[in-house]
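Derivation of every value follows stated rules applied to the coordinates shown; laboratory data play no part. Nothing here was measured: the structure is a model prediction, and the numbers come from that model. Reconstructed Cβ throughout: ideal geometry from the backbone, glycine too, with neighbour counts over all protein chains shown.
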Amino acid sequence: MGDDVVTDGPLVLVVGFTARADGLAELRQRLLTLAGLTRTEDGCLRYDLHEHPDDPLRLTFVEEWADAAAHAAHDRTPWVLDLREHLPRLIEGDPDVTRLRRLEG
């Protein structure tokens, strides 16, 4: 989710959502469905959904993509576009997106 940056090699993203209390169940289900669909995409190396133990309203994806082009293609899939239509009523604010590049390994 989010705009791509030019990068060499794998792209790692941490994408956090803070659910509205009345939208948590639906958000969780939509994100779990998204994860299953996304793992079948070319270039998806990792797509894991996490819940914060101290705040169940905070859900976070840890994503790894073969390259920025694979992530850009992901952002154009019907399941991502559908999720984006529903996010404004399910979350507080905007998703928090952090892009990372591995320094080792």
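Can you tell me which of 93-101, 29-37 comes out highest on packing, and rank the rest after it, using the mean Cβ neighbours within 10 Å?
Values: 93-101: 13.0, 29-37: 14.9.
In decreasing order of mean packing, 93-101, 29-37 become 29-37, 93-101.
Got the relative contact order for the chain handy, in percent, Cα pairs under 8 Å and 6 or more residues apart? Walk me through the numbers on the way to the answer.
On the way: 174 pairs, mean separation 47.3, N = 105.
Worked out over the chain, it gives 45 percent.
Cα centroid separation, the stretch 16-33 to the stretch 84-105: 13 Å.
With +1 on each Lys and Arg Cβ and -1 on each Asp and Glu Cβ, and nothing else charged, work out how big the dipole of the chain is about its Cα centre, in Debye to the nearest 20. Could the numbers behind the result be given before it?
On the way: 12 positive and 21 negative charges, 30 e Å.
For this selection, approximately 140 debye.
A dipole drawn for the chain from +1 and -1 charges on Cβ atoms has a positive end, and of 11, 53, 21 the residue lying farthest that way is 21.
Mean residue ellipticity, 222 nm, helices only, the chain: the sum of -39500 (n - 2.57) across DSSP H runs of n ≥ 4, divided by residue count and rounded to 500, is -10500 deg cm²/dmol.
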